[in-house]
Amino acid sequence: MNLIPIMGAVISSLLAISYWIENFQKKSESKKTKIISTIKLSPPSILFFCLTLLQFHIYLEISNEMKAIPSFYGIHIPVLYLIGPVSYRFFEELSGQNSNQIRILHFLPFVLSILLLSILKSNGLLNPNLMFKNHEEVSTHDFIFLLLGIGVLSIFIYTLAIFIRVLRWKMQWKGSVESSFRPFVFLIMYSLFVLVLFVLAQWVYMDLFFPACFALTSLLFAIILLKLNGKGLLSNFKTEFREARYKESRVKGIDIPSVLERMDGLMNVDRLYLDDRLTLVSVAKRLDLSSHQLSEILNHKLGTSFRNYINQFRLLEAKKLLLERPDMAIIAIIYASGFNSKSSFHKLFQTHFGTSPQNYRSKVKEKMETKS
C-alpha cells in the first residue's frame, strides 16, 4: 500500500517535467521571449508538481518516515489550496482563455495557509510525531484536520465548476465533438469520484483513504497514457474548447431578452425590413452589438439566421399587400416588401405558404366573392 502514493508521485513528477519541457521549448522558439519567461512553470507543470508533493507527503505519513524530514511536514496544506485554482487556470489555458482571467483572489487561501503554516511551525505546534490517525488527541491537529478537509473540498468545487462548464459547452456545440469531449468528460467525472473519496475519507470514514490514493494514482496513470498516445485527441480538445469558449464569450454579459425586445421594435415599429439594403452589420450597429454577437443570439435563442429572420417579416408584409391591395402588381409588392429579387421571393413564398403569390391572391379573392 505504501508504494501506491510513491507511484503516483513518480507519475505526476514525470507529467510536471514533460509539461515544463514543452513550455520551455515553446517559449525558447520565440526570439522575443525573455530568459526568465522560458524557465517559469506553466499551470499544468505547477499542478502536477503539487500532486507530486502531495503524494510524497502521503507516503511519508503512512510509512511513518516523516520524522526523517520534519521540515516537510504540513506542506500538503498550502498545496491543497493551490491545486484548485491552478487546475482551473490549466483548464482556462486549454480552452484558449487568457491564463490571467482567474483572479488573484482565488490564490488567497494558498497564501494564508502558508502564513498559518509558518506561525504554527515557529511556535512548535506542527509536530510530525502526531500522525493524522490520532489527530483527535491534539487541538492543533483538529484544526489542521479541518483545514485539510476544506482544502480537499475546495478542489472538488473547482473541478465541479469545470465539469459544469464543459457540459454547457457540449450542449451549445452543434458539431460532432464526441471524439474529444467524451474522454475529457470521463476524466473530469473520474476526478470528481476521486475527490469524493478523499472528502469522505477526510470527514467521514478514514478507511477510504487508501482506495482514494489508489484511485488518484490510476487517474494520473490514465492522464500520462493520454498524453503519450493521444496527441491528436489533445489537439481536438484545444480546438473545440476554444471554439466553444468563443461562442460563449460572444454573448456573455449581454441582456439577451432586452436585445430581442429591441429587435422586435425595430421590425414591427420601425419596419427596418422594408429596406432591401438591410444587413446584419447595420442592425447590429443599431443594437450596439457586433455582427457576431447578433448572429449568435439569433442562432441560439431564436434558432434562425439573420436572413431568415428578416425574410419572415417581408413575407408577412407581402401577404398583407396581396390581400389589401388587389390592384397592386405582384412585382411592385415584391419590392415594397423589402425583397430585391423576384426569383427568391417566389421561391420563399412557395416554401412558406405552399402556393405561388398569384394563386394565393386568386384563392383569397374567390373566397371573398363566394361569401358575398
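The values are calculated or read from the model by the stated rules, or taken from the named source; none is laboratory data. Remember, predicted model here, so these are calculated numbers, not experimental data. Heads up, the Cβs are rebuilt from the backbone with ideal geometry, glycines too, and the neighbour counts pull from every protein chain shown. With ligands, DNA and RNA removed, areas are computed over all heavy atoms of the protein, side chains included. Shrake-Rupley method; radii C 1.70, N 1.55, O 1.52, S 1.80 Å.
Some points to look at:
- Exposure of residue 292 as accessible area (Å², to 10), given a probe of 1.4 Å and all protein chains: 100 Å²
- Residue 263 sits with roughly 0 Å² accessible to a 1.4 Å probe, with DNA, RNA and ligands left out of the calculation.
- Where 203, 169, 20 fall by accessible area, highest first, once all protein chains stay in place (1.4 Å): 203, 20, 169
- Accessible area, probe 1.4 Å, largest first, for residues 163, 221: 221, 163
- The stretch 222-227 - phi-based ³J(HN,Hα) in whole Hz, Karplus 6.51/-1.76/1.60, Gly and Pro as x: 5, 5, 5, 5, 5, 5
- FRET efficiency, 1/(1 + (r/R0)^6) with R0 35 Å, evaluated for residue 268 and residue 343 via beta carbons: 0.80
- Entries of 319/367; 67/227; 320/347; 227/301 with Cα pairs more than 27 Å apart: 67/227; 227/301
- Packing, taken as the mean count of other beta carbons within 10 Å per residue, orders the peptides 118-125, 9-16, 43-50 from highest to lowest as 43-50, 9-16, 118-125.
- Gain on full stretching of the segment that runs from residue 115 to residue 365 - 0.36 nm per residue minus C-alpha separation: 81.3 nm
- Probe 1.4 Å, all protein chains present, accessible-area order of 108, 192, largest first: 108, 192
- In this structure residue 324 has an accessible area near 120 Å², from a 1.4 Å probe over the protein heavy atoms.
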